[in-house]
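Let me begin by presenting the structure, written as structure tokens, before commenting on it.
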Amino acid sequence: MAKAPQPDAMLCFNLYAASHAFTRYYKRLLTPLGLTYPQYLVMLRLHAADGQHVGSLARDLCLETNTLSPLLKRIEAMGLVRRARSRDDERRVDLFLTENGRSVAARCAEIPWQVVAELGLDLDHVKACSDMLLDLRARLAAHDDADDDQAAQPRGATSGSA
């Protein structure tokens, strides 16, 4: 039998540990803005493209809408965003930065460059790591989709053709 790997030799553990380390690191940068990391991500997305649909924000940020809605209510109460029903589709809610929100979002947009500088990261290496992680996320999502498809099939059914 193969020897079990130590956690620090496993990709999943290193991603888990790095995620926690980044969360702690970003907390120091975001506390002066009064934002949590998920709120920061919303502000970055709106800085890039104001007036986004809440559903597309949830999808793009890998958040469930029941997680995103309370988060949006909090940043709306802070005066950073305003929500409005879409003129095209009354069921759709769009999100817009307020004047104060645009100022905070601009400050948020500077943070990634601050992180790169503070940690002495090479931009080419950051891009390569990000590309690898995007690929990994896509592979994991495809695996989840395949598991969902298999679970949805009636017993005895097979996928594909004979």
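The values are calculated or read from the model by the stated rules, or taken from the named source; none is laboratory data. Every value quoted in this text rests on a predicted model; they were computed, and no experiment measured them. With ideal geometry, Cβ positions are generated from the backbone for all residues, glycine too; neighbour counts draw on all protein chains shown. SASA here: full protein model, heavy atoms, side chains in, ligands and nucleic acids out. Shrake-Rupley method; radii C 1.70, N 1.55, O 1.52, S 1.80 Å.
Send over a whole-number figure in Å² for the accessible area per residue of region 1-59, probe 1.4 Å.
Dividing the accessible area of region 1-59 by its residue count gives 66 Å².
Once you keep just the Cα pairs under 8 angstrom separated by 6 or more residues, what percentage relative contact order results for the chain?
Relative contact order here is 17 percent.
For region 53-137, restrict the atom set to alpha-carbon positions and state the Rg and Dmax in Å.
My reading of the Cα-based Rg and Dmax gives 16.3, 47 Å.
On a 1.4 Å probe surface of the protein chains, which of SER69, SER86 comes out largest in accessible area, and what is the full order?
Output order, biggest surface exposure first: SER69, SER86.
Hey, could you pull the Cα Rg and Dmax for region 17-92, both in Å?
13.4, 44
Under the Karplus relation 6.51 cos²θ - 1.76 cosθ + 1.60, θ = phi - 60°, what is the ordered set of whole-Hz ³J(HN,Hα) values for region 58-68, x standing for Gly and Pro?
Couplings: 4, 5, 5, 9, 6, 10, 6, 5, 6, 8, 6 Hz.
Taking amide hydrogens as modeled 1.01 Å from N in the peptide plane, which residues meet the under 5 Å criterion relative to VAL81, leaving out close sequence neighbours?
The list, which skips near neighbours in sequence, is GLU76, THR98.
What is the chain by shape, rounded, prolate or oblate, if you read a ≥ b ≥ c off the alpha carbon gyration tensor as root eigenvalues and call it rounded for a/c under 1.5, prolate for a/b larger than b/c, and oblate otherwise?
Note, shape of the chain comes out oblate.
Taking all protein chains as present, what is the carbon and sulfur share of the accessible area of the chain, in % to the nearest whole number, probe 1.4 Å?
The nonpolar share, carbon plus sulfur, comes to 55 percent.
Go through region 125-140 residue by residue and turn each phi into a ³J(HN,Hα) via Karplus (6.51, -1.76, 1.60, θ = phi - 60°); whole Hz please, and just put x for glycine and proline.
Calculated HN-Hα couplings, in order: 5, 4, 4, 5, 5, 4, 4, 5, 5, 4, 4, 4, 4, 5, 5, 5 Hz.
Before rounding to the nearest 500, sum -39500 (n - 2.57) across all DSSP H runs of length at least 4 in the chain and divide by the residue total; then give [θ] at 222 nm in deg cm²/dmol.
-21500 deg cm²/dmol
For the chain, what is the charge dipole size about the Cα centre, in debye to the nearest 20, if Lys and Arg each add +1 at the Cβ and Asp and Glu each add -1 at the Cβ?
The calculated dipole for the chain is roughly 600 debye.
Calculate the spin-label point distance for LEU44 paired with LEU121, positioning each point 7 Å from the Cα along the beta-carbon direction, and give it in nanometres.
Distance between label points: 0.8 nm.
Select from MET132, MET1, GLN52 the residue farthest towards the positive end of the dipole of the chain; place +1 on Cβ of Lys and Arg, -1 on Cβ of Asp and Glu, and compute about the Cα centre.
Value computed over the given set: GLN52.
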